[in-house]
Every structure is written in C-alpha cells, then in structure tokens.
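**Q** Just passing along the structure, written as structure tokens.
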Amino acid sequence: MPGGLPMRRAILSPVALTAALAAALTPAPAAAAPLVLKPSSDWALKSYDDKCRMIRTFGSGEDELVLWIDKGGPGPAVNLTLIGRAVRSPYGAFTRIGFAPGDLVERSFITAKSSKGRPVLGVFGVQPVSLLPDEALAADKQRQSGEEQVDFADGALTAVASEATIQQRYAAITALELNGAVIDPITLQIDDMLPMAQQLLACTAALTDRLARASQGGADGSTRIKTRDEATWAGKIQADYPFHLLRAGQQGRVAVRVTVNKEGEPTFCEVTAYDGPASFNDSACLLMLRHAKFSPATDAAGNPVAAFYSTRITYRINN
C-alpha cells in the first residue's frame, strides 16, 4: 500500500483453525442478570462543614455496596457515590441512572478508589424528585389535547415545587437504578426515602444558612473565597469542550454555585442557571470539581471556613 503500512495476511495452522471454529460454534454467554440489592443497614446522617451526607449499605459479602447521598447547597440536586465491587471497571463516557419510578437519565461520572482500596463511582447533579409517571402522563396528554394556552394569573413566581409535592415524590421512590458503564445493571431497593430525605433536607437548610453567611465577608475581618491559579484551571475547563456538542456546533453558558470546604477544595457543585443545551451542565460541574482551586473563606478570627463560590462558565467555539 503506497504511503502506508504493508499489509500482512494471517495464516492459521490446522490446530488454530480448529480452535477458532470451536469458539465460533460455542454459544455466547447469556446477558448478566441485574444485581438487585436490599438494604443491610439503616440510613446514617453525617454532617460536615461543607456537606450533609446520608449513608446506607446494601447487600453483603462481595456484593456489598455503600451509597452516599450528598447535598452541599439548597438546590434540588444531590451527588451520588457508590462504593463496592459492583462498580469496578466502568466503561464509556456516560452511565444511566435514576430513582424509580421514573426515567433513567444519561450522566457523566467520575471514578476513584476509596481509602480502603474499593472501587468508587460518583455521579453529580442527580434530581431525585423528577415527575412521577402519572404526572408525566397527564402532562403529555395535556400537551396533545389541542392548542396550548398559558394563564399567568395562576402562575408561580418561582419554579420550586411545593413541599407537599416534593414529599409526594420522595415517598413514591422505591429504588435507585444504574446501568451502562457498569458490568451488571444495579438496582438498590429503597423503601423509606421520604424520612431519609426529610433528615437530609433539614441538615442542608442549616448548612446553607451557614455557608451563605460565610460567603459574604464583612467589616468584622471575615473574607470571601479567592480563586488560585484561575487562568490555568479555567483554561483546562474551556479546553475540555464536550466532544458531541463541539461536533454539533453547540455553544452555551452555565452558572454554577460551588461549595468550597475549609481546605479550599470544591466538594459540591450545582447549576443555578444555563443558556444553551443542558448537556453542558454535567461537564461544567464535573470540571469545576476536578480542576478549580481556591483559598478558603475565613471568619472574623482568620480561621478558614466552608462557603459558597459562584461563577459562570462559557462554552464558545472560536472560529
């Protein structure tokens, strides 16, 4: 082949040919059955300076899987961390995850090893209180019933669901499902999501108040968060443009609120607004958590404290 690598023809020996034919005639193994795990512990709440965390263990032995549900701010999203053998050797750029009943959504993920050497898979910005199936069906029927109309006389000033609606949706949750990226699909059976969520949200409300006050700085000598080496990490975030959006020529802006702990590390990220495809949201928060560097806020005595940091990430294609 001119200008290329020379072609080589593979020749099988009779033994190799027999082995190849036998392999070809061997039935493919059946698809692995989903790994369904029941709780093996109660929920446990832990409060940190920068987050509230609910912890629960599912299964036992080799199948034991630990679930962390973290909140570090007032929005509807949670961060999910799964620790255990079931999330070993993930593949691809996305996984599909969601609380049942409800649709699974495709999300980016981060992998790591725990302090005990166990595989870790983290997914950020998951919203547990999505529409229930009957709500989604009713909304779909309404959209298809004829000309769509809007009456602002009954409109709400915010898009925040009522407490009763949130409780209804949390109470309906029966499982957390994960497939794609993992070797076997995983279902964690959950039968008491509402009381867990009530504890988590109560903890987060107190946390949010403290973080918001620490974020302001003031005449008492307290200081706000400061970025470190911003030009370098901002460049890394902008350079890591989501490929499928770059190929489609998509651009956008994402406003994020990051929780920064007293060591100056970003530990939680929420999207507060966006202009453009929602697919940028995952990338913006994941990359902020991975690359951003800060000097923490300080209190009046000069002690470092956790606080909020807000910024906007712009995805623009330079022609």
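**Q** From the list 194, 201, which one is in contact (Cβ under 8 Å) with a residue 40 or more places away in the chain and closer than 30 Å to residue 100 by Cα?
**A** Values: 194 fails: in contact (Cβ under 8 Å) with a residue 40 or more places away in the chain.
The conditions single out 201.
**Q** Within segment 241-264, can you find the residues that are more than 15 Å from residue 275 (Cα to Cα), touching a Cys at 6+ places or on another chain (Cβ under 9 Å) and among the aliphatic types (A, V, I, L, M)? Break it down into steps so the answer makes sense when it comes.
**A** Residues of segment 241-264 that are more than 15 Å from residue 275 (Cα to Cα), as a first pass: 241-244, 246-248, 257-264.
With the extra rule that they be touching a Cys at 6+ places or on another chain (Cβ under 9 Å), the set shrinks to 257-259.
Across segment 241-264, the qualifying residue is only 258.
**Q** Within segment 91-123, work out how many residues are more than 20 Å from residue 280 (Cα to Cα) and either hydroxyl-bearing (Ser, Thr, Tyr) or outside the structural domain of residue 183 (by TED's automatic domain parsing) (or both).
**A** Total meeting the criteria: 3.
**Q** Output the qualifying pairs, or none if there are none: Cβ atoms under 9 angstrom, residues six or more apart or on different chains, first residue in segment 40-60 and assigned to a strand (DSSP E or B), second residue surrounded by 14 or more Cβ atoms within 10 Å (Cβ to Cβ) and among the acidic types (Asp, Glu).
**A** Qualifying pairs under 9 Å: 52/70; 53/70; 54/70; 57/64; 58/64.
The values are calculated or read from the model by the stated rules, or taken from the named source; none is laboratory data. The structure displayed is predicted, hence computed values, not measured ones. Note: ideal-geometry Cβ built from the backbone for every residue, glycine included; neighbour counts use all protein chains shown.
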